[in-house]
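Everything below concerns the one structure shown next.
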Amino acid sequence: SKAGANDQRDQLTVTFGTGEITGVFLKDDVCIGNLCANMNFIGASHETAEPFGSFDFDGVLGLALSGMTQGPHFSIMDRMEAAGNLKHPIFAVFLSDSDSEDSEITFGDIKQERMVGDMFWVPVSRQTGYWQVQMEDIAIGNQQQKLCSDCQVAVDTGTSMLAGPSRVIHELTRRLRVAPDCSNYQDLPDLGFVVAGHVMNLKPSDYVDKSAGSCSPSLMSLDVPPPNGPLFIFGDPFLRKFYSAYDLRRQRVGFAVARHVGVPEEKAQALLVSLSSGKVQKAGAFLSK
């Protein structure tokens with residue numbers, strides 16, 4: 001509907017982990033390539049300088065589950081699915097690991113060429129609006145640490161670090177023993193996350209912030225209160241190593257080792273270990289019944 005010059009528009013402020021935006025409610029066709037859906041969204045009228053002034057982008061595309069949206073017509077995946085625009089009601093995320101490749105979100109399918117080996121699927125564990133799954137434990141050098149049982153973890157492209165409850169992060173940091181002067185950097189173990197009987201490993205280069213001769217674990221304390229927490233966050237360091245897919249209809253998240261330019265397949269495959277056999281069990285076609 002048209003708004004007059006003196007009409008008061010409905011406004012909303014959205015707060016992120018860092019910064020916030022204020023905007024007005026709008027409705028229009030939103031298109032990704034040639035896929036379009038009529039939906040509601042927020043047109044930003046104000047953004048805080050931090051962090052938005054530091055990045056060159058035009059907006060935030062929310063892909064959380066509908067429980068976190070402002071309303072049923074604010075979810076682009078729900079609207080695309082309702083319009084029948086998607087081959088399958090899923091999207092998949094590939095984050096680049098170097099300047100020689102581009103990051104990519106695929107709507108409606110997964111790309112076999114973006115992953116090494118097979119993908120395994122994990123059901124969404126709680127209806128919080130997050131793409132949230134159960135994590136069984138944390139592993140160091142493929143050895144389970146009994147640091148958490150029945151932990152919850154949200155997969156989030158909007159978080160630049162790995163994050164978790166302060167108690168667990170403090171103990172994990174202690175056990176990793178990363179020397180501040182980097183003297184033991186070459187001897188540091190893999191850091192793994194146990195999900196659905198699989199250990200998804202990160203190398204020291206993925207979980208250690210190394211700069212100017214100093215080293216520290218790139219782990220952030222984040223205490224999310226119940227009922228949504230306590231909660232771990234699989235942020236960008238994890239998503240650069242693991243290709244992920246999000247199945248809206250079946251409410252599940254898929255993980256596979258990401259295929260990166262210049263990384264030998266055998267080396268990449270070693271990042272994902274099955275606790276039952278040492279190898280990843282093939283889970284079958286991702287849309288099989």
Built amide H within the under 5 Å cut-off of residue 182, gap 5+: 215
1.4 Å probe accessible area per residue over the chain, in Å²: 53 Å²
Antiparallel DSSP beta bridges within the chain, as percent of all bridges there, nearest 5: 90 percent
By accessible area with a 1.4 Å probe, ligands and nucleic acids excluded, highest first: order of 131, 121: 121, 131
Under-5 Å amide H pairs with residue 124, H placed in peptide plane, nonlocal only: 252, 253
Separation between Cα centres of segment 211-262 and segment 177-202, rounded to whole Å: 14 Å
Whether segment 111-161 is rounded, prolate or oblate, judged on the alpha carbon gyration tensor where a/c under 1.5 counts as rounded: oblate
Mean separation of Cα contacts under 8 Å (6+ apart) over length of the chain, as relative contact order %: 18 percent
Percent carbon-and-sulfur accessible area, the chain, ignoring ligands, DNA and RNA, probe 1.4 Å: 48 percent
Table column - 3J(HN,Hα) (Hz), segment 42-58, Karplus curve with 6.51, -1.76, 1.60, x for Gly and Pro: 10, x, 5, 9, 8, 10, 5, 4, 9, x, 5, x, 8, 10, 9, 9, 9
By accessible area with a 1.4 Å probe, ligands and nucleic acids excluded, highest first: order of 21, 32, 138, 105: 105, 32, 21, 138
Rounded to 10°, Cα long-axis angle of helix 166-176 versus longest principal axis of the chain: 40 degrees
Karplus (6.51, -1.76, 1.60) ³J(HN,Hα), θ = phi - 60°, over segment 236-250, in Hz, Gly and Pro reported as x: 4, x, 6, 6, 6, 9, 10, 6, 10, 10, 10, 9, 5, 5, 9
Mean-position separation - Cα centroids, segment 89-166 and segment 10-70, in angstrom: 23 Å
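The values are calculated or read from the model by the stated rules, or taken from the named source; none is laboratory data. From a predicted model like this one, the values you see are computed outputs, not experimental measurements. Ligands, DNA and RNA are stripped out before the accessible areas are found, and what is left, the full protein with its side chains, is counted by its heavy atoms. Shrake-Rupley method; radii C 1.70, N 1.55, O 1.52, S 1.80 Å.
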